[in-house]
Amino acid sequence: MLLRKIKSWQPYQNRERWLMRNGASYHLGEKITPGRFFALRFLLMLPGMVVFQRFGTLSAVVAGMVFFEVPVLLVLYMNHSDNLKMLSELKLVYHALEIQVRAGVYITDALAECYGVVREKRFRKALLDLAGDILMRSNVSEAITDFQNKFDNRYIDSLCMIVLQTLESGQALDLLSDLSEQIKDMEEAVLAGKKESLDRSITFYQLGILAAVLVVVLYTCVTKMFASALHF
């Protein structure tokens with residue numbers, strides 16, 4: 001009874017939804033729950049506080065807060081990484097859907113077959129689960145919504161909205177084409193960001209090498225100056 005009340009508590013449900021949308025069940029195991037996730041955070045916080053206690057109570061408290069947030073930051077980082085990996089594959093899914101819908105294939109049937117063009121493991125697993133749900137369930141809209149809830153990705157949200165709208169109106173091709181172009185633009189922006197990051201890294205390494213050379217030259221000059229002074 002108590003467990004049922006806890007699970008019906010709104011903050012618990014919000015955290016459960018957050019864990020699912022950010023891929024915690026995929027990366028940390030399907031048995032992860034808000035309670036277990038909190039326990040993991042708490043278990044990381046305690047050693048951090050103990051280790052930093054030698055530097056004072058304030059340091060221990062700050063360290064505990066930082067270690068308590070580490071699992072949250074890790075989940076967010078892994079989800080961001082997954083979304084970047086899925087960009088190019090989402091474009092393939094949109095193209096595959098567009099081709100099959102033009103050929104007269106019903107959009108949910110086309111979506112159920114899209115896992116064949118996907119290599120990113122989390123996305124592929126979700127598509128496989130969706131294919132099974134579409135075959136087994138009578139409520140296709142519910143299966144699409146469950147699939148959408150597994151990701152915090154605006155392109156997947158848009159894809160699911162298109163599929164749900166198509167189930168009602170039958171119009172999908174123009175929307176799929178538009179979203180495919182949006183993903184292409186997003187990919188270009190990501191590549192540009194990676195190029196800028198690479199350029200910054202190269203500049204940083206060049207400055208580091210230059211600084212090291214200057215230190216060596218300065219050390220050599222100072223050494224020679226001292227050696228000359230000692231001879232006089």
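Side notes on the structure shown:
- Residue that is nearest to Asp133 (Cα to Cα), among those in segment 59-117 that are under 19 Å from the mean Cα position of the chain (by Cα) and of a type in the set (Ser, Thr, Tyr): Ser88
- Some residue of segment 104-113 being more than 20 Å from Met161 (Cβ to Cβ), loosely packed, with under 14 Cβ neighbours inside 10 Å and either modelled with pLDDT under 90 or in the same structural domain as Glu142 (by TED's automatic domain parsing) (or both): yes
Rundown of residues vs (1) of a type in the set (A, V, I, L, M, F, W, C); (2) at pLDDT 90 or above; (3) outside any helix (DSSP H, G or I); (4) surrounded by 14 or more Cβ atoms within 10 Å (Cβ to Cβ), yes/no style:
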position	(1), (2), (3), (4)
Trp18	yes, yes, no, yes
Ser25	no, no, no, yes
Pro47	no, no, no, no
Phe52	yes, no, no, yes
Val72	yes, yes, no, yes
Val75	yes, yes, no, yes
Met78	yes, yes, no, yes
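- Some residue of segment 170-192 being surrounded by fewer than 18 Cβ atoms within 10 Å (Cβ to Cβ), of a type in the set (Val, Ile, Thr), out of contact with any Ser or Thr (no Cβ under 9 Å at 6 or more places or on another chain) and modelled with pLDDT under 80: yes
- Across segment 86-99, the qualifying residues are those that are free of Cβ contacts under 8 Å to residues at least 60 places away in the same chain and surrounded by 14 or more Cβ atoms within 10 Å (Cβ to Cβ), and the one among them that is farthest from Tyr26 (Cα to Cα) is Ala96.
- Hey, Val140 surrounded by 15 or more Cβ atoms within 10 Å (Cβ to Cβ) and either under 26 Å from Asn14 (Cα atoms) or of a type in the set (S, T, N, Q) (or both) or not: yes
- Only residues that are more than 18 Å from Ala24 (Cα to Cα), more than 15 Å from the chain's Cα centre (by Cα) and either of a type outside the set (Val, Ile, Thr) or not in a helix (DSSP H, G or I) (or both) were counted across segment 131-156, and they come to 11.
- Test for Leu164: is it in a helix (DSSP H, G or I) and either at pLDDT 80 or above or touching a strand residue (DSSP E or B) at 6+ places or on another chain (Cβ under 7 Å) (or both): yes
- Test: Arg137 is of a type outside the set (Phe, Trp, Tyr) and modelled with pLDDT under 80: yes
- Verdict on Gly56 being surrounded by 15 or more Cβ atoms within 10 Å (Cβ to Cβ), over 30 Å from Lys121 (Cα atoms) and not charged (D, E, K, R): no
The values are calculated or read from the model by the stated rules, or taken from the named source; none is laboratory data. This one's a predicted model, so the numbers in the text were calculated from it and none came from an experiment. A quick note on method: Cβ atoms are made from the backbone with ideal geometry, for glycine too, and the neighbour counts reach across all protein chains shown.
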